[in-house]
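To start, the structure itself, in structure tokens.
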Amino acid sequence: MTTPDRDWYIVRRWQSYVAEMRVVALRMAAIVVCYGLQLWHHLGLLDEAGRAANADFHQQATLLACGWLFLSLAVWLMLLRKWFPPALSYVSTAVDIAFLTALIAASGGPTATQLDTFYFFILILAGLRFDLPLVWFATLACMAGFMASVGAVDKSWFDAEHTTPVISQGITLVSLGGAGIVVGQVVRRAKDLVVAYAQRVGKESEA
């Protein structure tokens with residue numbers, strides 16, 4: 001490992017720890033806000049008949065939100081104890097995608113909810129850690145999670161009829177892939193910027 005690469009690894013590792021703390025805070029805030037909207041919709045906007053029809057989804061959403069929040073708190077406690085294994089970001093990202101996919105499937109699939117847009121939020125959180133392999137992992141996992149949510153509400157994956165139109169599936173997959181590429185390029189450019197800045201400061205110090 002060259003000196004710039006080693007310095008970048010050390011700096012990125014520390015910044016990844018700080019970023020993971022912010023990711024946990026953003027994740028918990030998103031869960032609380034979204035579940036608050038679900039409560040408002042279920043209790044404030046629906047009549048008695050609507051609440052009865054929505055009761056199963058509301059129960060599933062409550063269980064998923066609580067589980068997601070408790071796991072986020074567990075990660076928070078790990079970070080407070082300065083325990084930050086390299087795999088933690090990957091595991092927490094995979095958990096985010098799994099919970100989001102389960103929530104989309106419970107709501108009736110991508111055509112029944114706008115929750116699939118939160119896959120992009122997960123990609124942004126991956127970029128916040130400045131870990132390029134994590135961005136690649138998050139991109140592929142989000143694409144797989146989206147297709148799993150599509151398959152969860154499709155009676156058959158390979159027939160001519162689809163709950164989520166094929167063109168919609170394609171557009172979403174291309175959008176997720178494109179977003180992952182852009183976030184990855186931001187991470188790459190950040191490293192180049194830091195190395196170039198350090199070299200320039202070193203030259204000025206020598207002069």
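Laid out as a table, the results:
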| quantity | calculated |
| --- | --- |
| Area accessible to solvent at I124, 1.4 Å probe radius, in Å² | 110 |
| Estimated distance in nm for a label pair at T111 and Y17, the labels positioned 7 Å out from Cα along Cα-to-Cβ | 4.9 |
| Cα gyration tensor, region 60-186 - rounded (a/c under 1.5), prolate or oblate | oblate |
| Mean Kyte hydropathy of -1.0 or more with a Cα span along the axis of at least 18 Å, helices from DSSP in the chain | 3-39, 55-80, 88-107, 132-153, 166-206 |
| Label-point separation, N54 to H41 (7 Å along Cα→Cβ), nm | 0.7 |
| Dimensionless Rg over Rh [region 1-118; C-alpha; Kirkwood] | 1.12 |
| For the chain: accessible area per residue (Å², 1.4 Å) | 59 |
| Solvent accessible area, Å² - L77, 1.4 Å probe, full protein context | 100 |
| Solvent exposure ordering (accessible area, 1.4 Å, most first) of Y119, Y17, Y35, Y197 | Y197, Y35, Y17, Y119 |
| Listed residues S107, S72 arranged by accessible area, highest first, probe 1.4 Å | S107, S72 |
| Portion, in percent, of the accessible area of region 16-111 that falls on carbon or sulfur, probe 1.4 Å | 72 |
| Size of electric dipole in region 1-133: Cβ of Lys, Arg +1 and of Asp, Glu -1, about Cα centre, debye, nearest 20 | 580 |
| Selected from G184, G36, A61, residue furthest toward positive end of dipole (the chain; charges at beta carbon) | G184 |
| Check: region 78-207 dipole with +1 on Lys, Arg Cβ and -1 on Asp, Glu Cβ, in debye | 560 |
| Which of I10, I97 is most accessible, then next, and so on - probe 1.4 Å | I10, I97 |
| Solvent accessible area, Å² - F130, 1.4 Å probe, full protein context | 80 |
| Chain lengthening between L140 and L73 when straightened (0.36 nm per residue, less Cα-Cα) | 21.5 nm |
| Relative contact order %, region 1-137, counting alpha carbon pairs below 8 Å whose residues are six or more apart | 34 |
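The values are calculated or read from the model by the stated rules, or taken from the named source; none is laboratory data. Keep in mind it's a predicted model, so treat the numbers as computed, not measured. Here Cβ is always computed from backbone atoms with ideal geometry, including for glycine, and neighbour counts include all displayed protein chains. Accessible surface areas use protein heavy atoms only, side chains included; no ligands, DNA or RNA. Shrake-Rupley method; radii C 1.70, N 1.55, O 1.52, S 1.80 Å.
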